[in-house]
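Worksheet: the structure to be examined is printed underneath.
Each value in this text was obtained by applying a stated rule to the coordinates, not by laboratory testing. All of these numbers come straight from a predicted model, not from anything done at the bench.
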Amino acid sequence: MHFYFDGSHFANALIFVFILIGVSLHAQRLAHVRIMITCAIADLALLLYVELRDQAVEDLFEKMAVIPWILWIHVAVSATLLFLWPACIVSGSKIYRGKVTDTGTHKKLAMTFLVFRFLTLATSTLIKHAV
Ligand code: HEM
């Protein structure tokens with residue numbers, strides 16, 4: 001097990017903390033919207049950066065030859081965020097713009113999002129300590 005500083009893993013954890021702060025402030029609508037939009041931009045930029053970084057993912061698959069399934073789970077749960085982020089933004093904007101008053105759909109999508117976002121962080125932590 002190695003402990004070393006990994007910028008993208010730190011960013012992953014930091015964004016998750018800000019997401020929790022943003023969610024806890026949902027009653028203050030404008031603060032909630034601003035924090036969640038900022039987190040969405042940062043999170044999607046991080047996802048693209050990690051994916052496009054030269055050879056990073058290919059190298060990991062080679063190193064993880066013994067337990068590749070955890071990496072596959074990580075890739076799969078991270079990929080769902082590409083759909084869950086826009087889904088939360090669209091459903092949230094409808095409430096914010098007064099198009100819908102029932103927050104039920106947004107809440108269900110938000111809870112699903114939080115589960116998958118947590119799994120992304122948890123599986124990346126497992127991978128970090130396994131290689
Ligand atoms: C993944 C991102 C997001 C998560 C996890 C999230 C989570 C939540 C949660 C848990 C609630 C409370 C729902 C309820 O108790 O019924 C909420 C409310 C709300 N969200 Fe989001 N949200 C996200 C993104 C957004 C975005 C991007 C917008 C707007 C563009 C937005 C706008 C709102 C509004 C207007 C409310 C109602 C506020 C209230 O009166 O409680 N949300 N959100």
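Subtract the Cα-Cα distance of ALA45 and LYS99 from 0.36 nm times their separation in residues, and report this length gain in nm to one decimal.
Length difference between fully extended and current span is 16.5 nm.
Semi-axes of the equivalent ellipsoid for the range 61-131, please: Cα gyration tensor eigenvalues, times 5, square-rooted, ordered largest first, whole Å.
Taking √(5λ) for each Cα gyration eigenvalue gives 34, 9, 7 Å.
Are there any helices in the chain, counted as whole DSSP H runs, that stretch 27 Å or more along their axis by Cα and score at least 0.5 on average by Kyte-Doolittle, and if so which?
Span-like helices, by this rule, are 29-52, 68-96, 104-130.
Let me have the 222 nm mean residue ellipticity of the chain computed from DSSP H runs of 4+ only, each contributing -39500 (n - 2.57), with the sum over all residues rounded to the nearest 500.
For the chain, the value works out to -28000 deg cm²/dmol.
Give or take rounding to whole Å, what are the principal axis extents of the alpha carbon atoms in the range 7-130, in descending order?
Answer, in whole Å and largest first: 50, 23, 21 Å.
Mind counting lysine pairs for me in the range 7-130? Cα separation below 29 Å, and the two need to be 8 or more apart along the chain or on different chains.
Qualifying lysine pairs in the range 7-130: 5.
For the chain, what's the relative contact order in percent, using C-alpha pairs closer than 8 Å and at least 6 residues apart?
It comes to 32 percent, rounded to a whole number.
Report the gain in length on full extension from THR38 to LYS108: 0.36 nm times residue separation, minus Cα-Cα distance, nm rounded to one decimal.
Net length gain for the segment: 23.1 nm.
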